[in-house]
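The next block holds one structure in the form of structure tokens; read it before the comments.
The values are calculated or read from the model by the stated rules, or taken from the named source; none is laboratory data. These numbers come from a predicted model, not from an experiment. Neighbour counts are summed over all protein chains in view; Cβ atoms, including those assigned to glycine, are modelled from backbone coordinates with ideal geometry. We work out accessible area using only protein heavy atoms, side chains counted, and drop any ligands, DNA or RNA first. Shrake-Rupley method; radii C 1.70, N 1.55, O 1.52, S 1.80 Å.
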Amino acid sequence: MPTITLPDGSQRAFDAAVTGTAIAEAIGPGLARAALVMVVDGQEQDMARAITADAQVKFITRKDPAALELIRHDAAHLMAEAVQALYPGTQVTIGPSIENGFYYDFYRNEPFTPEDLPAIEAKMRELVARNETFTREEWDRDVAVKYFEDKGERFKAELIRDLPPSETITIYRQGAWLDLCRGPHLRSTGDIGTAFKLQKTAGAYWRGNAKNPMLSRIYGTAWRDQKELDAYLTQLEEAERRDHRRIGREMDLFHIQEEAVGSIFWHAKGWKLYRTVEEYIRRRLERNGYEEVRTPQLVDRKLWEKSGHWEKYRKNMFIAEVVEEESTLALKPMNCPCHVQIFKQGLRSYRQLPLRMAEFGSCHRYEPSGALHGIMRVRAFTQDDAHIFCTEDQIASETVKFVELLESVYKDFGFESFAVKFSDRPDERAGADEVWDRAEGALKTACEMAGVTTTLNQGEGAFYGPKLEFVLRDAIGRDWQCGTLQVDFVMPERLDAEYVTADSARARPVMLHRAIIGSFERFLGILIEQYAGRFPLWLAPTQVVVATIVSDADDYAAEVATALRVAGLTVELDVSNQKIQAKIRDHSLHHVPNILVVGRKEAEERTVALRRLGGAAQEILPLQQAIALLKAEAMPPDLRGEAKHGA
RNA sequence: GCUGUCAUAGCUCAGGGGUAGAGCACUUCAUUGGUAAUGAAGAGGUCCUGGGUUCAAUUCCCAGUGACAGCACCA
């Protein structure tokens, strides 16, 4: 005699166990048609499942955003059936729904290629049209294992064998095809709809382990209706237009070539952008109590052996040897051991802590070739690195200060939101468990004090300590770690850093490794995509172009350009033999934020016609006024308040 | 690193066993014009590198390098 409570609080009593389908029908035919899955006491279940006890029930319809995940999950099953129908002998493995779509990993001697996709997609549409009901069955574990093994599905059999003993083995049928699945599923294949598209093929390791066989993965995207699918595909195209590699070339910011894989050739304009960011960060650090240092590029392997990097990261380091000497040097892959060397010069007092030591540290790491990506993932990079030497008691307050600074910096660059991950101890690590307990505890407390919400990234900490990762998202939806804060009790111990305490004893400082933008290379890549090349004035590599209408205005235009340069703006002069329309178009395509147009009239009246990027209107201003206006607009955000106060 | 795809002018790309094309960009000439393309002419290629097959290879085959996508990696 279950009583069902609906979201509006109303209740319905049934004489016997009742299925979701029956409840929906009892409420009304409209809901019966629309309900895809029910939620029983917070748990999603198939419509056909019977409810035996009192429960809170609601229904998920196509309008519900939760339907997306169901559609994608089912689309993955559908694709697996289609693939096995078209390519007998292909083994199935797993196929989850993911952000924006789904994938399925298959095992097959011949990997799938993009040419295979249209046939598979066509088959899927055929299966949707067939509208097969999804039916759920509970199987005995041994029966299930034997069934899949007999079919030659060794990956599936392995999955079932590895399921925890408490887990009920459920199988879903769709027509003649079946798969192991936890569910729930839509009512039938027809519910999936037709707003899906297979996108690409790729390799992926079985169970995500590089030692396992390579599977063939097919990615697809699926939506509730065609409109959503079209919008998503349009968004993908937009993302491609924003790609920093494309914009970097078009705006003449940088290039990479075969002779220096993973290193950036910064062109004048890109370097201007880089310097603007560097100068900004330098000001922020100096005003937040950091001192800047500079340490060697090439350091003897002995130091890396002491720090532990040699043992763990030897394969990822660039080594330099000299004919004249026995020594082996390594290009530094990180700055912290060098900073400890500075800390160790002379006796340090507790009065000096926290000591915040910053460096725009240029590092080299041999990254696997497949990891390289434009300027986002490179082998030679520069960090806005700093190490805070402090006492254990100071960890929390230093973390809070750091997070405040980081938030303010991200905001100045136009990032209002970012994700924070908490990475705890990895399997392979240095330091005793007791030390890790303290480090993780201190970081957790600090996060609470700073009001930071984190998601746990289990086992992903650095080998010397737990860390926070601050993640920004690029235009293509990929997440990039930029900021970081790592608590380290190990490095000071290994490299023997110490300070004199208030009672004249010796103690180990704690080191906080921290970066806000992370690597300049990566951060600039994200900035380029964030703004699609249309930077705010303070960051724009070319802030103003002075363009002439007639050659009679050339002298005046040169005078205007010089005056702007004296005011500190980055200016280009365009006196080329082109019509003004062509000049406007050219500079607009290169995302120049301001064009000052000068013709005979302006030259005579000592004015300029200011044209904003993307705007149609012009504004005629006296030269001095235009300069003052642009100069104020080009002020970096951290200096704006001061300007107002007359500083 | 692994799997797959790709590599032709500065860029975007077409082509194809018989010494290579378009558009844009570039140079020159004419044009001096008022807010997203003035016109004409010209120059520009080791068709990624090495090997093989062939009378002949940029094209077909093999290897390497690099790029791209995903996976793995990311102190």
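Summary table below
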{"read-out": "A:Phe523, sole failed condition from (1) touching a Gly at 6+ places or on another chain (Cβ under 9 Å); (2) closer than 22 Å to A:Phe360 by Cα", "value": "(1)"}
{"read-out": "Filter result (open to solvent by 60 Å² or more (accessible area, probe 1.4 Å) and aliphatic (A, V, I, L, M)) within region A:602-627", "value": "A:Ala616, A:Ala617, A:Ile620"}
{"read-out": "Contacts under 6 angstrom Cβ, first residue in region A:448-461 being within 16 Å of RNA strand B (Cβ to nearest atom), partner of a type outside the set (A, V, I, L, M) and open to solvent by 40 Å² or more (accessible area, probe 1.4 Å), 6 or more apart", "value": "A:Thr455/A:Lys421; A:Asn457/A:Lys421; A:Gly461/A:Arg425"}
{"read-out": "Total residues in region A:518-571, condition within 13 Å of RNA strand B (Cβ to nearest atom), of a type in the set (A, V, I, L, M) and part of a helix (DSSP H, G or I)", "value": "3"}
{"read-out": "Members of region A:436-463 found to be assigned to a loop (DSSP other than H, G, I, E, B) and either open to solvent by 40 Å² or more (accessible area, probe 1.4 Å) or in contact with a Ser or Thr (Cβ under 9 Å, 6 or more places away or on another chain) (or both), listed by number", "value": "A:Gly451, A:Val452, A:Thr453, A:Thr454, A:Gln458, A:Gly459, A:Glu460, A:Gly461"}
{"read-out": "Subset of region A:90-133 (residues that are touching a Gly at 6+ places or on another chain (Cβ under 9 Å) and either hydroxyl-bearing (Ser, Thr, Tyr) or under 19 Å from A:Arg182 (Cβ atoms) (or both))", "value": "A:Phe102, A:Tyr103, A:Tyr104, A:Asp105, A:Thr133"}
{"read-out": "Evaluation of A:Tyr172 against (1) within 25 Å of A:Met47 (Cβ to Cβ); (2) not in a strand (DSSP E or B) (one fails), failing number", "value": "(2)"}
{"read-out": "Restricting region A:604-619 to residues that are of a type in the set (Lys, Arg) and within 43 Å of the chain's Cα centre (by Cα), the residue that is nearest to RNA strand B (Cβ to nearest atom)", "value": "A:Arg611"}
{"read-out": "Qualifying residue in region A:271-287 (condition: within 23 Å of A:Gln352 (Cα to Cα), at pLDDT 95 or above, open to solvent by less than 70 Å² (accessible area, probe 1.4 Å) and assigned to a loop (DSSP other than H, G, I, E, B))", "value": "no"}
{"read-out": "Check on A:Thr570, open to solvent by 10 Å² or more (accessible area, probe 1.4 Å), farther than 30 Å from A:Ser397 by Cα, free of Cβ contacts under 8 Å to residues at least 24 places away in the same chain and of a type in the set (Val, Ile, Thr)", "value": "no"}
{"read-out": "Matching residues in region A:469-486 - criterion: being out of contact with any Lys or Arg (no Cβ under 7 Å at 6 or more places or on another chain) and either within 9 Å of RNA strand B (Cβ to nearest atom) or assigned to a strand (DSSP E or B) (or both)", "value": "A:Phe470, A:Leu472, A:Arg473, A:Ile476, A:Gly477, A:Arg478, A:Gln481, A:Gly483"}
